[in-house]
Structures are given as structure tokens and as C-alpha cells.
Amino acid sequence: MIWQCGTHQFECPGKERRRPEMRPVVMGILNVTPDSFSDGGRLNGAQEAVDAALRLLEEGADIIDIGGESTRPGAAGVSTEEELRRTIPVIERLRAARPDAPISIDTRKAEVAREALRAGACIVNDVNGLRDPKMPELLAETGAGCVIMHMLGEPGTMQREPRYDDVVGEILDFLLQRAKVAMDAGVAQDRIAIDPGIGFGKTLEHNLELIRRADVFAESGYPLLIGASRKSFIGMALGLEVDQRLEATLAANVAALLRGASIFRVHDVAAARRALDMAALLISSTE
Ligand code: HH2
């Protein structure tokens, strides 16, 4: 299946088997926030952020995901004005420097998404599953690609005893229902990717189960995105600090790839590119 975002197209396996020419899609994270959990406050000013994005592209990122609001557990929200102030100048400059580079905006707010698309983004990465009532309409009107992610509740409270009777089934139902809302508003099916939202209102066991059962999400036919990079479930599973989680992140991504995931949201692009490309070659050559 093709995931189409503006003039960009990514071929993702969906229900089919991965063919050698289907390269895993690497989404490089560019947080322009003072408080993100692993890289907050690292970038000062739009130019520094653009330089960092250019490095990620050089390292093999297929998409640059720009976020102006931290959604780590317990994070407070930021105003629309502040999110716009952080992200729009970076998108404009990056678009000018690299007119060909796919840019996604990581936001829950339709107003931020609208300005970001105007400034040159072509994908909306919505960790809130298009719950802003204006989001589906905006996506339909602009033809942007979107990532629909599952989050239980709000970042402020989501890690307070999250509970599911059937974590995989409930999250898949939610994602399919939100994809239907998008399509009812006029969004084309080939613009939609889904994401179970690793770490967003989930215990360690829930996160492990979501990656173990990634095939269930991939079989829905929508390209599946996994965002495991440096997350705290790795810390809990192996007793590692944030700066020690690279190898386990690679392992989680490769495990998800083997079960049909196609898009990988990562901080460490060069390493992810190598690990995923090698694993993809091995899958297609053994099937
Ligand atoms: N995770 C984060 C942010 N956005 N988007 C998608 N689609 N999937 C994810 O798993 C995901 C996401 C959180 O990670 P990060 O951006 O590194 O941290 P913070 O939210 O603190 O900025």
C-alpha cells in the first residue's frame, strides 16, 4: 500500500509481504521544546533546529517530525501561540533549505496543523487521534497525510494506572474508528497511517504486548508507525537510563518491522537506518 503525503509517496507492506524495494520509513524526531524527555532544550533558535534536521536527513531520515509540545507523561500543555512560535519558523526555513524533504508536524491542535501545512509540512502526526473536531476536516481539505495515534486520556494523567481488558483489541478498535471518522470527513484512505502509541497510557507489559502483536495492527491494511525510541518502557524492562537505550530501541524497532510495521519514529536516525535496512533485506531474502 502507498502512504501518500503531498507529493511524497511511501510504499508500506500493509497486508502484503515486504518486498525488497519497500524500504522501512525512518521518521527523524526534531523536538523544538524546552522539556522533551530525552532531548528537551537541546536546540536554541530556528537555525539550530534546521541544522539538526539537515543532519537527520543526511543520516537517512525519510521524514522530519517537528514537535513544539512535549507529551511525555506528566507534561503540561502549551498554548497554540507558543506551539506556533516554536515550530513555524523551523518548518519555513527547512522547507526553503530542502524543498524535497517530507516534514510532519507533531501536534494535537488543528490550528497548529493548519499553519504548519501552510508553512510546508505535508503530514500531521496527531498523538491525540484526531480528537480536535477540526482536524479531520482540515486533513480532508488539504490532502495531507496523517498519523492517527492512540493515547489513553491526557499526557498529564495517562500513566496513572492505565487499564485495558484487551490492550491490542481495544487500541485497534480505537484506531479503526478514528480512521473511519477521518474518511467520513473526506480523508482518502491512502493518507492514513496508524500508531498504537507506545508509552501513552500504557504499562510496561502493555507496551511489550503492543510490539509483540504489531502484526495485528499491520494486518489492518494501514501503514503502522512505531515510536519506541528511548522510551521509559525500555528503561523499566532493562534498568537503563535514557542515554543507554539505543540498542534496545533498535531491537524494538526490528521486532516491530518483522511483524509488519513500516514507519519508525526515532531520535538516532543513522543507527535506525542501518538496523532497519539490514533487517528488511533479511526478511525479503528469506521469504
Ligand atoms: N511519541 C512521542 C511524541 N510523538 N508521535 C507518534 N506518532 N508516536 C509516538 O510514539 C510519539 C509521537 C513522545 O516522544 P518524544 O517526542 O521523544 O518526547 P516528548 O513528547 O517529550 O517531546
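Condition first: at pLDDT below 95, within 16 Å of the ligand (Cβ to nearest atom) and among the small types (Gly, Ala, Ser). Can you find one or more residues in region 7-30 that meet it? No, every residue in region 7-30 fails to be at pLDDT below 95, within 16 Å of the ligand (Cβ to nearest atom) and among the small types (Gly, Ala, Ser).
Yes or no, residue by residue, for (1) among the charged types (D, E, K, R); (2) free of Cβ contacts under 8 Å to residues at least 12 places away in the same chain; (3) assigned to a helix (DSSP H, G or I); (4) under 26 Å from Asp173 (Cβ atoms):
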position	(1), (2), (3), (4)
Glu205	yes, yes, yes, yes
Asp215	yes, no, yes, yes
Ala248	no, no, yes, no
Ala279	no, no, yes, no
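For region 112-149, a residue qualifies if it is over 17 Å from the mean Cα position of the chain (by Cα) and more than 19 Å from Glu81 (Cβ to Cβ), and the qualifying residues are Gly120, Pro133, Pro136, Glu137, Ala140, Glu141, Thr142, Gly143. Every listed requirement among (1) assigned to a helix (DSSP H, G or I); (2) small (Gly, Ala, Ser); (3) within 15 Å of the ligand (Cβ to nearest atom) is met by Ala193 save one, (1).
Inclusion of Glu69 among residues that are crowded, with 19+ Cβ neighbours inside 10 Å, out of contact with any strand residue (DSSP E or B) (no Cβ under 7 Å at 6 or more places or on another chain) and either basic (Lys, Arg) or under 26 Å from Met158 (Cβ atoms) (or both) is warranted. Here the condition is being modelled with pLDDT of 95 or more, in contact with a Ser or Thr (Cβ under 9 Å, 6 or more places away or on another chain) and more than 16 Å from the ligand (Cβ to nearest atom); of Leu117, Leu84, Leu57, it holds for Leu117 alone. The one condition from (1) buried (at least 20 other Cβ atoms within 10 Å of the Cβ); (2) closer than 18 Å to Gly77 by Cβ; (3) more than 15 Å from the ligand (Cβ to nearest atom) that Lys134 does not meet is (1).
Residues that are within 25 Å of Arg212 (Cα to Cα) and of a type in the set (Ser, Thr, Tyr) within region 147-192 comprise just one, Tyr164.
As an exercise: evaluate Ile234 against (1) in contact (Cβ under 8 Å) with a residue 24 or more places away in the chain; (2) more than 23 Å from Glu137 (Cα to Cα); (3) buried (at least 18 other Cβ atoms within 10 Å of the Cβ) and give the number of the one condition it does not meet. It fails just one condition, (1).
Out of Ile91, Ile105, one residue alone is buried (at least 17 other Cβ atoms within 10 Å of the Cβ), part of a strand (DSSP E or B) and in contact with a strand residue (DSSP E or B) (Cβ under 7 Å, 6 or more places away or on another chain). It is Ile105.
For region 154-190, filtering for residues that are under 20 Å from the mean Cα position of the chain (by Cα), within 16 Å of the ligand (Cβ to nearest atom) and either in a loop (DSSP other than H, G, I, E, B) or among the small types (Gly, Ala, Ser) (or both) leaves 7. Note on region 45-54: among residues that are more than 16 Å from the ligand (Cβ to nearest atom) and either without any contact (Cβ under 8 Å) to a residue 24 or more places away in the chain or assigned to a loop (DSSP other than H, G, I, E, B) (or both), the one that is surrounded by the most Cβ atoms within 10 Å (Cβ to Cβ) is Asp51. Annotation note: Cβ proximity below 6 Å between a residue of region 59-86 that is under 26 Å from Phe10 (Cβ atoms) and a residue that is of a type in the set (S, T, N, Q) and away from the ligand (no atom under 11 Å from the Cβ) (sequence gap 6+ or interchain) occurs for Ile66/Thr87; Gly68/Thr87.
The values are calculated or read from the model by the stated rules, or taken from the named source; none is laboratory data. Note that this is a predicted model, so its numbers are computed, not measured. Note that each Cβ is placed from the backbone with ideal geometry, even for glycine, and that neighbours are counted across all protein chains shown.
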